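Every number in this text was worked out from the coordinates using simple rules, so none of it is lab data. The structure presented is a predicted model; accordingly, all values stated were derived computationally and were not measured. In this analysis, Cβ positions are derived from the backbone assuming ideal geometry, glycine residues included, and neighbour counts consider all displayed protein chains.
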Amino acid sequence: MNANAEGKNANNGVFIDKRKPRSCSVIGLILPTYCEAADIEKSVEEIERLNLNMSILVINDSSPWGTADAVRRLQKKYKNILLFVRPKKTGLGTAITDGSKAFLSMKIPRIV
């Protein structure tokens, strides 16, 4: 996967700045978001302080408040963050389902 490429999945979501998860990640953390620009940095910082061997998949439903931009800034600091932007708000349940499918396709052994 190219770090600058965009790719679509079957649900018409788009991986933005696609990255490979850490090659030896044991845990895949799904972090659904919508209008979380004000809180996403703090949340990710707290998760990163746990110092676990994980990849974090942020799923954003095309939030108008800049959540995806905040995640892109975090990607510059943390190499284990992936961003998945869906074209519209479709809810928490489908965000978790899409995140699970994405991690399963990447062969992440444990999904949280």
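A few points about this structure:
- Extending 7 Å from the Cα toward the beta-carbon at both E45 and K101 defines two label points whose distance is 3.5 nm.
- The spacing between the range 24-46 and the range 53-69, judged by their C-alpha centroids, is 7 Å.
- Within the straight-line cut-off of under 13 Å between alpha carbons, the aspartates and glutamates reachable from K77 are E41, E45, E48, sequence neighbours fewer than 8 places apart in one chain being disregarded.
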